[in-house]
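Student: First the structure, which I've put down as structure tokens, then a few questions once you've had a look.
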Amino acid sequence: MRKFLLPLALKEKVAFITSFFLSVFTVMVELSAPIVLAHLLDKELLEGIGAKDPRRYFILLSVYLFGALLGAVLSYLSVYGFQKCANAIARNLQQALFRRIQSLPVSYFDHHPSGHLVSRLVNDSNDVRILFQTVLAQMVLAAFYILGIYGILFTRDYRLGLVALVPLPFMAMLLYVYSSKARGYNTRYRKELSAVNAHLTESIQGMSLMQSMGKEHHLLDEYEAISERLYATGIDMTRLDSLTSWNAVGLLRFLMTTTILLVFGLSHYRGTALSLGSMYLLIDYSGKIFNQLNNVMQRMGQLESAKGAFNHIGELLKVPLLEEKEGELNFQGNVAFEHISFRYKEDQAILKDVSFQLPAGETLGIVGATGSGKSTLMNLLFGFYPYKEGEILLDGVSLNTLNLQKFRSQCAMVLQDPYLFQGTVYENIQLQRPEITKEIAEKALLDLGGHDMLERLAKGLDEPLEEGGKNLSAGERQLLSFARALAGDPKLLLLDEATASIDSETENLIQESIEKLSKGRTTLLIAHRLSTIQHADNILVLEKGRVVEQGTHEELLKKKAAYYELYMEQKKGNLS
């Protein structure tokens, strides 16, 4: 984690160093001002008369006032600089984490809710920002204050320094108790906050389903239970803060003031009375000590939170990234699976010795019952999961030797549930590919039978879409997903149950377009509806991870085996 975070922090080193020295100057100025006032009290005022030398008195008073103003300006600049620097580091961290999340294997997302990732990306990175505000800014500043104060007091009169040392053991004990308690509370709070974020994300995504089943109260009960745990942990932190940072520090402050007055009140009995200026200096500096203690106490909780976030992000950084291969391929479209076996878990085989050839420009259909391994074939072909048994060859080159990002740029995929984002229809087709002009996007949509869709939308390709394309029908969303894939003129087209969520009329339109556009393009069709794959050059029938049949639509029907039974079952369902 430190190796990851340090370069991000070093990007802001100039601003940080500048703010650091401004803080040092702030401490020097603010500690000098009370010395001037102490000198006025001891040397420039005569009891019952006033200023000994009015001109000198007003000059020193002006110096005191100027010091106070200069300290305020320097303090503002240093705090602003540290805050700006910390926010910049948080921004750098969020961007770096998002880049890393994009490089994680798909298998990671299978087992980690999106809410937890959002919490790490947003909440944890913001809390790490506090690490710089707290440790490298506020606490270092507090250390400068305390070292400067004790240095001045011992230099002026060792007795002043000894009196100022009285509260230190109590302060150390208070900090120890607070930090040990805060550590446990912050760890709990972070876990509960991640749970709340995860539950909210899942609930919002599935709200329509839960409402259709009348289960809103179930979601509410779960959320209330989770949020209650978060609230209870927050109350524990609040109780700790109230007890230590205000009450305990305030009590120490009063005890210190009493001690100072007692020492000064009795000092003349020893024949070496301490001056009024010294008493003022000690009271002023002790106030600054307790202000810094109070500041540190408040920051200790934030520090523990930042440490928790630091460790939390560290867990994400331990996840191994996909290994970037150097191999490049000007893909022509030949695909071969040779004796591929695959399991997501060691005791759960999904594919068993699967072999097939998909020559360039041909279409392969894959059918089978749910759980037979159809989508797993696509996941392996796209490199979403690494395979260890068998070989996947692309134009005779092993997939394991290729740069996956460059290979995927020559492919297109359409899933059952299309991914649409807030933007225009054109932006959803273009998908940040500058080579896809409006003319290309419109042609792709029209080739898929999207004429009625464009006519219905008032602004055509410039029509803005709501989140998830809610202002489109299910069929229109899938048409848009098809247009996005086909506009890029991919060499390999993969369709995974792409017609499952559209009506029969729209399916017929898409079917015609698929037949036209798949000519000359390697196409892999994974479908439940057999009507989608009847035109395929070759069809695989999967059953429990094995290829049990292979051939054209007509050849498989003549065998009257697994494919024939699926076909007759669907035909019977359509007639009923």
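The values are calculated or read from the model by the stated rules, or taken from the named source; none is laboratory data. These numbers were taken from a predicted model, which means no experiment stands behind them. All Cβ positions, even for glycine, are placed from backbone atoms using ideal geometry, and neighbour counts span all protein chains on display. Note: areas computed on protein heavy atoms with side chains; ligands, DNA, RNA excluded. Shrake-Rupley method; radii C 1.70, N 1.55, O 1.52, S 1.80 Å.
Student: Looking only at residues that are in a helix (DSSP H, G or I) and open to solvent by 80 Å² or more (accessible area, probe 1.4 Å) in segment 547-567, which one is nearest to HIS535 (Cα to Cα)?
Tutor: Filtering first and then ranking leaves GLU554.
Student: Give, as residue ranges, the helices (runs of 4 or more DSSP H) completely inside segment 139-212 that count at least 1 residues that are open to solvent by less than 40 Å² (accessible area, probe 1.4 Å) and at pLDDT 85 or above.
Tutor: Passing ranges, in order: 140-156, 158-165.
Student: Is it the case that some residue within segment 467-489 is touching a strand residue (DSSP E or B) at 6+ places or on another chain (Cβ under 8 Å), free of Cβ contacts under 8 Å to residues at least 60 places away in the same chain, surrounded by fewer than 21 Cβ atoms within 10 Å (Cβ to Cβ) and not hydroxyl-bearing (Ser, Thr, Tyr)?
Tutor: Yes, segment 467-489 contains a residue that is touching a strand residue (DSSP E or B) at 6+ places or on another chain (Cβ under 8 Å), free of Cβ contacts under 8 Å to residues at least 60 places away in the same chain, surrounded by fewer than 21 Cβ atoms within 10 Å (Cβ to Cβ) and not hydroxyl-bearing (Ser, Thr, Tyr).
Student: Please find, among PRO386, PRO418, the residue that is out of contact with any strand residue (DSSP E or B) (no Cβ under 8 Å at 6 or more places or on another chain) and farther than 23 Å from GLU326 by Cβ.
Tutor: Of PRO386, PRO418, the one residue that is out of contact with any strand residue (DSSP E or B) (no Cβ under 8 Å at 6 or more places or on another chain) and farther than 23 Å from GLU326 by Cβ is PRO418.
Student: Which of the helices (runs of 4 or more DSSP H) contained wholly in segment 1-102 include at least 2 residues that are farther than 30 Å from ASN311 by Cα?
Tutor: Filter on segment 1-102 gives 13-39, 54-102.
Student: Could you tell me which of the residues ILE436, ILE429, ILE440, ILE392 is hydrophobic (A, V, I, L, M, F, W, C) and within 30 Å of GLY545 (Cβ to Cβ)?
Tutor: Unique residue meeting the criteria: ILE392.
Student: So the check is Cβ under 8 Å with 6+ separation or different chains; which pairs have a first residue in segment 157-184 that's within 20 Å of ASN291 (Cβ to Cβ) and a second one that's open to solvent by 30 Å² or more (accessible area, probe 1.4 Å)?
Tutor: LEU160/PHE154; GLY161/PHE154; VAL163/THR259; VAL163/VAL263; VAL166/THR259; PRO167/LEU255
Student: Across segment 103-112, which residue is modelled with the highest pLDDT among those that are part of a helix (DSSP H, G or I) and of a type outside the set (Phe, Trp, Tyr)?
Tutor: Checked segment 103-112; the qualifying residue modelled with the highest pLDDT is VAL106.
Student: Within the group ASP110, ASP124, which residue is within 19 Å of the chain's Cα centre (by Cα), under 30 Å from ASN379 (Cβ atoms) and buried (at least 18 other Cβ atoms within 10 Å of the Cβ)?
Tutor: The match here is ASP124.
Student: Shifting gears a bit: Can you confirm whether ARG299 is basic (Lys, Arg) and either modelled with pLDDT of 85 or more or in contact with a strand residue (DSSP E or B) (Cβ under 6 Å, 6 or more places away or on another chain) (or both)?
Tutor: The answer is no for ARG299.
Student: With the checklist (1) open to solvent by 30 Å² or more (accessible area, probe 1.4 Å); (2) of a type in the set (A, V, I, L, M); (3) modelled with pLDDT of 75 or more; (4) part of a loop (DSSP other than H, G, I, E, B) in hand, flag the one item LEU255 doesn't pass.
Tutor: Condition (4) is where LEU255 drops out.
Student: Does segment 65-86 hold any residues that are of a type outside the set (D, E, K, R) and open to solvent by 70 Å² or more (accessible area, probe 1.4 Å), and which are they?
Tutor: LEU65, PHE66, LEU69, VAL73, TYR76, LEU77, TYR80, GLN83
Student: Taking the residues in segment 391-407 that are over 19 Å from PRO359 (Cα atoms) and not hydrophobic (A, V, I, L, M, F, W, C) as candidates, determine which candidate is least open to solvent (accessible area, probe 1.4 Å).
Tutor: It comes out as ASN403.
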